[in-house]
Amino acid sequence: MPAARSEPADTAAGSRSVLRALEILDLLAATERPLGLAQIAKEFGIPKSSCLALLRALAARDFIRQDETGAYALGLRSFEVGTAYLRSVTPVGAVTPELRALTERLGMTAHFAVLEGDEVVYLAKQDPPGTGVRLASSLGARLSAWTTAVGQAQLAHAEQLPAPARPTAAEFPVIRQRGYAVDEGVTAGGIECVAAPVFSAGGCCGAIGVSYLLHGGPEVPVIGDLLIGAASRVSAQLGGAWPGPGPAEQRS
């Protein structure tokens, strides 16, 4: 049997450089403040000279930028690539008008998130004008799926739960029956969140939620019905079927 062909040294080195550059972008995306050369090099355990070469390459294409102190942060090109991804995700386009309508009607922050492992990633958000509640649900933010309403709404319909399971899994039958999930200040103190799942032809593909001051809005069932209605309409656009009863007026 002929010996396996080894990867050329320059190709292997190039692959490592690409992967390291992507890791740098991941690091900067997960960091709230710009990072200096020494910090980035230390994070990956590589020489400053090697790290600087990668940073210069990324900066040359505007994937990263330097601030006035010389520290590095994500650049405009990273934003453009991210928004191109959002445009390609069909649920985001379908859900945006519903988020806007919910915010206008309730005066609350409305958002859409998708499940990734045991976390949710926020892909769309609508804030009310003025002094509306602004939470950690910024675009691209990741939060625990087990504690957030948008996470529980999706996990309740997941074919397989991420391990290890959490105690909140005991609530999933109730969530499925009533059509929405509730987070009473667990994720953020004093903030209540309600969310309903969205379905495409392939199953649950996200959740629509609203956030507001605890006990500061309409009764939860009223908000839940509005979310079920919005999620049902989005699901219909995506070719999905709402798995349970619709809003209260349809159940009576």
Computed over the chain, the relative contact order (Cα-Cα under 8 Å, seq sep at least six) in percent reads 13 percent
Rounded to the nearest whole number, the Stokes-Einstein translational diffusion coefficient of region 51-178 at 25 °C and 0.890 mPa s (Kirkwood radius, C-alpha pairs) in µm²/s is 143 µm²/s
On a 1.4 Å probe surface of the protein chains, which of F172, F63, F79 comes out largest in accessible area, and what is the full order?
F79, F63, F172
Please work out how much accessible surface S17 shows to a 1.4 Å probe, ignoring ligands, DNA and RNA, in Å² rounded to 10.
60 Å²
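Give the range of the longest stretch in the chain that excludes all trypsin sites (Lys or Arg not before Pro) found in loop regions by DSSP and having at most 13 other beta-carbon atoms within 10 Å.
With a cap of 13 other Cβ atoms within 10 Å, the longest stretch comes to 135-252.
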Counting other Cβ atoms within 10 Å of each Cβ, which GluC sites (Glu not before Pro) in region 15-58 have at most 12 and sit in a DSSP loop?
E32
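Counting only protein chains, not ligands or nucleic acids, how are V114, V210 ordered by accessible area (probe 1.4 Å), most first?
Working: V114 30, V210 0 Å².
Ranked list, largest accessible area first: V114, V210.
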At 1.4 Å probe size, with the rest of the protein present, what percent of the exposed accessible area of region 52-104 is carbon and sulfur atoms?
56 percent
What FRET efficiency comes out for the pair F44/E184, r = Cβ-Cβ distance, R0 = 35 Å, nearest 0.05?
0.30
Expressed as a rounded percentage, what relative contact order does region 22-90 have, with Cα pairs under 8 Å and six or more residues apart?
29 percent
Is the shape of region 22-63 best called rounded, prolate or oblate, per the rule: a/c under 1.5 gives rounded, else a/b larger than b/c gives prolate, else oblate, with a ≥ b ≥ c the square roots of the Cα gyration tensor eigenvalues?
oblate
For I64, list long-range residues whose amide hydrogen, built 1.01 Å from N in the peptide plane, is under 5 Å from its own amide hydrogen.
A59, G75
Here are several values of Kirkwood radius over Cα pairs in Å: [x] 19.8; [y] 20.3; [z] 18.1. Which one was derived from the coordinates shown?
[y]
Diffing region 182-193: the Karplus 3J(HN,Hα) column from phi (6.51, -1.76, 1.60, θ = phi - 60°), in whole Hz with x for Gly and Pro, holds 10, 10, 9, x, 6, 6, 9, x, x, 10, 9, 10
How many angstrom lie between the Cα centre of region 62-87 and the Cα centre of region 139-165?
28 Å
If you rank V194, V174, V186 by how much accessible surface each has, with a 1.4 Å probe, what is the order from largest down?
V186, V174, V194
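The values are calculated or read from the model by the stated rules, or taken from the named source; none is laboratory data. All values reported here derive from a predicted model rather than from experimental measurement. Please note: Cβ atoms are built from the backbone with ideal geometry, for glycine as well, and neighbour counts cover all protein chains shown. Only protein heavy atoms, including side chains, enter the accessible area calculation; ligands, DNA and RNA are left aside. Shrake-Rupley method; radii C 1.70, N 1.55, O 1.52, S 1.80 Å.
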